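Shown next, in structure tokens, is the structure this report addresses.
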Amino acid sequence: MKTFIYEIAEEKKDLGQMDETLFYEYVPAIFDQVNDYFKDPDYLFCLFQEHGVMVDKENYSFCLTTKAKENIFAERFKKIKEEVANMDLKTFATSNLFTLKQLIYMDFDAYIYDPVEESLKQLETWIREAKTDTVYYVGNIVSARE
């Protein structure tokens, strides 16, 4: 499956450091292959705009608000509550809870690379941990196959 790794930072000066060579160590553990990819961050911006994130395509930037974060996770939260409401103790105690885990940790098929921390996180984890009311900039993009 094709995925993208987005370089994101709070300061423009920190961008431009990421390229495919940073991820060779993840082949084949996480990715089958990685390639530099310098196209617009359409997937990321579309996902964000659908949930009320303020996006500035001209400056390759965006700003997450608390409300936007809640919007991103609202539908899954509703489904999690329904799943738990329909679950009995026996199911909870004896099953692997696959559906529940999938709802909690849904993969957005994207990763974020923070050039300051030199860290790679799944998009969902990054969204949960990201500061609100802070402008973030998108730099280089690497495409990968999982």
For ILE80, are the conditions met, namely being under 12 Å from the mean Cα position of the chain (by Cα) and surrounded by 15 or more Cβ atoms within 10 Å (Cβ to Cβ)? no
Scanning for something within 17 Å of LYS2 (Cα to Cα) and aliphatic (A, V, I, L, M), does region 37-52 turn up at least one residue? yes
Does region 91-146 hold any residues that are surrounded by 13 or more Cβ atoms within 10 Å (Cβ to Cβ), touching a residue at least 24 places away in the same chain (Cβ under 8 Å), in contact with an Asp or Glu (Cβ under 7 Å, 6 or more places away or on another chain) and of a type in the set (S, T, N, Q), and which are they? ASN140
Could you go through region 98-107 and let me know if any residue there is among the polar types (S, T, N, Q) and more than 16 Å from ILE8 (Cβ to Cβ). yes
Considering only strands (runs of 3 or more DSSP E) wholly within region 37-123, the ones with at least 1 residues that are of a type in the set (Phe, Trp, Tyr) and modelled with pLDDT of 90 or more are 61-63, 110-114
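The values are calculated or read from the model by the stated rules, or taken from the named source; none is laboratory data. In this text the structure is predicted, and so the values were computed from the model without any measurement. Every residue, glycine as well, gets a Cβ built from its backbone with ideal geometry; the counts of neighbours run over all protein chains shown.
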